[in-house]
2 protein chains.
Amino acid sequence: MVNWFGRAVRRIRGGTRGRVDAPRIRARSASNLESTKVDLHELVPDTMTFLGRAAYVQLMLFENLSRVVTTAPTIEAKSAMSDVASAALTKYHGLVREIERQGGQPTEVMKPFAGEVDQFQRMTQGHDWHESVTTCYLAGGFLNDFFSRLSAGLPQAQAARVSAILDEDSGEATVVKQLLAVTRDNPRLAARLALWGRRLVGDTMLIARRTLRAGDDVGTDDERLEPVFTELIAAHTRRMDALGLTA
Amino acid sequence: MVNWFGRAVRRIRGGTRGRVDAPRIRARSASNLESTKVDLHELVPDTMTFLGRAAYVQLMLFENLSRVVTTAPTIEAKSAMSDVASAALTKYHGLVREIERQGGQPTEVMKPFAGEVDQFQRMTQGHDWHESVTTCYLAGGFLNDFFSRLSAGLPQAQAARVSAILDEDSGEATVVKQLLAVTRDNPRLAARLALWGRRLVGDTMLIARRTLRAGDDVGTDDERLEPVFTELIAAHTRRMDALGLTA
């Protein structure tokens, strides 16, 4: 059986730039690119499931960022990253308010997803400050992108409110500045972070995929999902590029 | 030499409720209570020093709170404490904006105080989640109080803006709720937290005192400082009371 999702992870993890840029090596990918319009309504889970996952993910991103604030090597980095942490917290609180608005109890709504998100957090924590910041940047960027795009599939009125919350500035430029300041003159560190980034994206795609309604029957829906992830991976590659790293 | 400050710490640390309530055992204390009006203008350092310390202290309080969010035993506690962390972060950002408004570069203005505040943070970190939350509650409450009161001694226009930032709700009620939920049925834990609270207040008073202009000549200015700290200690005792703990 052809498993696009697994293939994409392998492509990203082991890939050279050339391979990422050459989806034509698989005929099916090429044909899918022609029918890129995906019906997100079919993929998005019910609103509460969406909100519960999205909120708990933002809380996790905030926790990662606040650890980065605490362990920052300079006051300048500490202060800059606190702005980014604040942005994640604002999104989290926005999503919590939306859960309440829909009549949900936020803790209960988030609870079913805590286990897997906590596990993702442990696996992607990083071994030092720079890897942790890279996680904030790449996993945070990917997941922000993912939930934002997916929110378009929610019922109309909710979709507008939720995407307004998720599309607020995440402070990505600030994170890039912090990372560039250290990678620019340290090719060894840059190479290590590139490896870390490749490892990360696989785990990040897996946790994102579990959000989709199709996530229940892994394999069968891969063709339907491919166009969604193709865009997200392109954005991931741009994020790596911004650091001068090869995805 | 009579050292009120050291005495106050001993009184708090070793004290029974009775002793705390009986300042009359020292004649000097009683006479000072009559002239409780302190000229804060004499005690407050220059504006940038005040703002630099106050901002870095808020950043430290935020870090403590975000660690408590990350390590919270339940999602409910995690979510509740994230509100409290958000409040500290808002104060921090308000103070940073005020530094910029006065023409300062926040990182530079905070830098001189980072060492001692970081050391305070390490010393008061707590050995488990409940001690850490207690630190957030008691040290956070004390320092918020302290900087808020002291800000009245800043030049008038600044005083109004700075105290508006510092007097925003810190989420103390949320923290009390979290702690009461666990201490109410656990007298052993309550006793341990009471001890921790007594240890904390000494270190907290010391770091507060270093902010005062009089802090340079320890000892000589103790009489001048006593009325300031008397009010802060009374507030600390009320905080302990709210948990059903004896200060």
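Figures for the structure shown
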quantity	calculated
Segments classed as helices (runs of 4 or more DSSP H), wholly inside the range B:47-157, with at least 1 members that are within 12 Å of another protein chain (Cβ to nearest Cβ), basic (Lys, Arg) and closer than 23 Å to B:GLY197 by Cα	B:47-70, B:75-101, B:106-123
Residue in the range B:106-135 that is surrounded by the fewest Cβ atoms within 10 Å (Cβ to Cβ), counting only those that are touching a helix residue (DSSP H, G or I) at 6+ places or on another chain (Cβ under 7 Å) and acidic (Asp, Glu)	B:GLU116
Residues (in contact (Cβ under 8 Å) with a residue 24 or more places away in the chain and in contact with an Asp or Glu (Cβ under 9 Å, 6 or more places away or on another chain)) located in the range A:72-86	A:VAL84
Enumeration of residues in the range B:158-186 that are at negative phi, surrounded by 21 or more Cβ atoms within 10 Å (Cβ to Cβ) and outside any helix (DSSP H, G or I)	B:SER170
Which listed residue is modelled with pLDDT under 95, over 17 Å from the mean Cα position of the chain (by Cα) and closer than 28 Å to A:ALA191 by Cβ, from A:ARG11, A:ARG26	A:ARG11
Selection status of A:VAL109, β-branched (Val, Ile, Thr), farther than 20 Å from A:ILE207 by Cβ and touching a residue at least 12 places away in the same chain (Cβ under 8 Å)	no
Filtered residue count, the range B:71-97, keeping only those that are surrounded by fewer than 22 Cβ atoms within 10 Å (Cβ to Cβ), more than 15 Å from A:THR90 (Cβ to Cβ) and among the β-branched types (Val, Ile, Thr)	3
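The values are calculated or read from the model by the stated rules, or taken from the named source; none is laboratory data. Small disclaimer: the values here were computed from a predicted structure and weren't measured. Cβ: placed from backbone, ideal geometry, glycine included. Neighbour counts: every protein chain shown.
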